[in-house]
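So the structure is just underneath, and the comments pick up after that.
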Amino acid sequence: MKKLNFALIGCGRIGSRHAEHINNVGVLKAVCDIDIEKVTAFGKKYKCAVYTSLDDLLINEKDIDLISICTPNGLHASQTIAALKAGHHVLCEKPMALCPADCGDMIKAAEGANKRLFLVKQNRFNPPIIALKNAIDEGKLGKIYSVQLNCFWNRNFDYYQKSDWKGTKKLDGGTLFTQFSHFIDLLYWIIGDVDRIYAITANHGHDGIIEFEDTGVIALKFYNGVLGTINYTVNSFAKNMEGSITIFGELGTVKVGGQYLNELEYQNIKNFEIKDLPKGNTANNYGEYQGSMSNHDMVYQNIVEVLSGNGVIATNGFEGLKTVEIISKIYNKADLLQEYMKFVHMF
Ligand SMILES: NC(=O)c1ccc[n+]([C@@H]2O[C@H](COP(=O)([O-])OP(=O)(O)OC[C@H]3O[C@@H](n4cnc5c(N)ncnc54)[C@H](O)[C@@H]3O)[C@@H](O)[C@H]2O)c1
């Protein structure tokens, strides 16, 4: 199969990571960013065409197989739909969008154009997560009773103040969208869809800095009866502390933790042991802060497999939508509670 041609929209922090991996599996033909300095630097480094408008790129670049969308969250839906309608496959960074209706439109656009829509949910490639998912799917833990997801990271003032979109309701959307949507994805992927939600959120440490919560405590009931909690914050003192999932099943308990869901921290399973885990990738390092595991190499490997007819999409549009739907349900519940508390305090 001939090498795939790629275009990249958004030459920021994660865009750099994408460009490196694109270069390993195909040819980066064109890049686009509204920031002329950034896009020019990318163009020089990868010897490719440079655009400051997605529309211009779509009009001029006809020989692109897949477009990677690495722009602020609030732009994912419109840019993905435009790229699909112009006849390209799309890889969209997480979160897929900021509301379920937009995700639905993205899925419809992919179907209408007969093109593939890939989502980045790279935590799925962490070796202990794969082992945990396989153990559950094979019934090694028996019936699953409950799950606990902890996301304890640090995002300081600088992180938000150096960005023109992070911390804004319109383009960022909320801490669960930007920091932890790929953690929520694991709840859907490993446990299933969520029925009932109780949510309390607060902004304790970023008042006046971000337009939404920095902390939340969530209780969940899944459709299959499993009970769960999510405890999340970006106020872990000075640095990221933990990203973990603990599963309590009839036949075993497993905790995958570390800072980035990258270590098998605890297992006690009847007649079974998770062992010989391959060494995983390291976390994305952005200098002042760290992100999730850097598994984008596997995201691009999956794209090559699928587009050459030898694989299934690792995370598809429907799954991306489910994460956005769960996050939206959480925020709706938290808003309702806040409204109710305001009402109660009036009397
Ligand atoms: N999967 C992961 O581990 C991971 C990690 C970091 C970020 N992300 C996601 O990637 C996306 C980008 O995050 P980032 O940290 O790289 O942000 P960033 O601010 O560093 O980069 C975003 C880039 O998009 C550009 N941009 C803004 N509007 C544009 C437009 N209309 N057209 C073209 N370019 C435009 C900006 O100029 C900037 O260069 C976000 O959706 C974020 O949630 C994912």
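Here, each number is a calculation from the coordinates, and none is a lab measurement. This is a predicted model, so every value here is computed, not measured. With ideal geometry, Cβ positions are generated from the backbone for all residues, glycine too; neighbour counts draw on all protein chains shown.
Pairs of Cα atoms nearer than 8 Å and 6+ residues apart set the relative contact order; for the chain it is 19 percent. In units of the rule-of-thumb radius 2.2 N^0.38 Å, the stretch 219-347 shows an alpha carbon radius of gyration of 1.39. Phi angles across the stretch 258-273 convert, under the Karplus curve 6.51 cos²θ - 1.76 cosθ + 1.60 with θ = phi - 60°, into 3J(HN,Hα) values of x, 7, 9, 6, 10, 10, 7, 8, 7, 8, 8, 10, 5, 6, 7, 9 Hz, Gly and Pro given as x. Between the amide H of E263 and those of G257, G258, distances stay under 5 Å, these residues lying 5 or more places away or on another chain, with hydrogens modeled in the peptide plane. Please work out, to two decimal places, the log10 of the ratio I(q)/I(0) at q = 0.19 Å⁻¹ from a Debye calculation in which every Cα of the stretch 129-179 carries one identical scatterer. Listed by q, the Debye log ratios stand at -0.73. Packing around the peptides 75-85, 329-339, taken as the average count of other Cβ atoms within 10 Å per residue, puts them in this order, highest first: 75-85, 329-339.
Where both bridge residues fall in the chain, DSSP classifies roughly 60% of the beta bridges as antiparallel. Think of each Lys and Arg Cβ as +1 and each Asp and Glu Cβ as -1; about the Cα centre, that makes the dipole of the chain roughly 460 debye. Net length available on complete extension from K108 to I269 is 53.7 nm, with 0.36 nm assigned per residue and the Cα-Cα distance removed. In plain terms, if you count all Cα to Cα distances in the stretch 100-192 and split them into 10 Å steps from zero, the share in each step is 12, 32, 32, 21, 3 percent.
How high is the relative contact order of the stretch 55-162, in percent, counting Cα pairs under 8 Å that sit 6 or more residues apart? Reported relative contact order: 20 percent.
With axes computed from alpha carbons, what is the tilt in degrees of helix 76-85 against the longest principal axis of the chain, rounded to the nearest 10 within 0 to 90? Once rounded, one gets 50 degrees.
Ranking G280, V256, S181 by how far each Cα lies toward the positive end of the dipole of the chain (charges on Cβ) leaves G280 at the top. For T253 and N156, a Förster radius of 25 Å and the Cβ-Cβ distance give a FRET efficiency of 0.15, rounded to the nearest 0.05.
Computed over the alpha-carbon atoms, the chain gives an Rg to Rh ratio of 0.97, Rh here being the Kirkwood radius from the mean inverse distance.
A cut-off of 5 Å between modelled amide H atoms, ignoring neighbours fewer than 5 places along the same chain, links L251 with G142, K143. Using only Cα atoms, tell me the angle between helix 13-25 and the longest principal axis of the chain; keep it within 0 to 90° and round to the nearest 10. Tilt of helix 13-25: around 60 degrees. Here the Karplus curve 6.51 cos²θ - 1.76 cosθ + 1.60, taken at θ = phi - 60°, turns the phi angles of the stretch 119-128 into couplings of 10, 8, 9, 6, 4, 5, 8, 5, x, x Hz, with x standing for Gly and Pro. Once the stretch 4-122 is represented by equal point scatterers at the alpha-carbon sites, with solvent omitted, what log10 I(q)/I(0) does the Debye formula produce at q = 0.20 Å⁻¹? Treating every Cα as an identical point scatterer, log10 I(q)/I(0) equals -1.05. Derived scalar couplings between HN and Hα for the stretch 166-176 equal 5, x, 8, 5, 5, 9, 9, x, x, 4, 5 Hz in order, rounded to whole Hz, by the Karplus curve 6.51 cos²θ - 1.76 cosθ + 1.60 (θ = phi - 60°), x for Gly and Pro.
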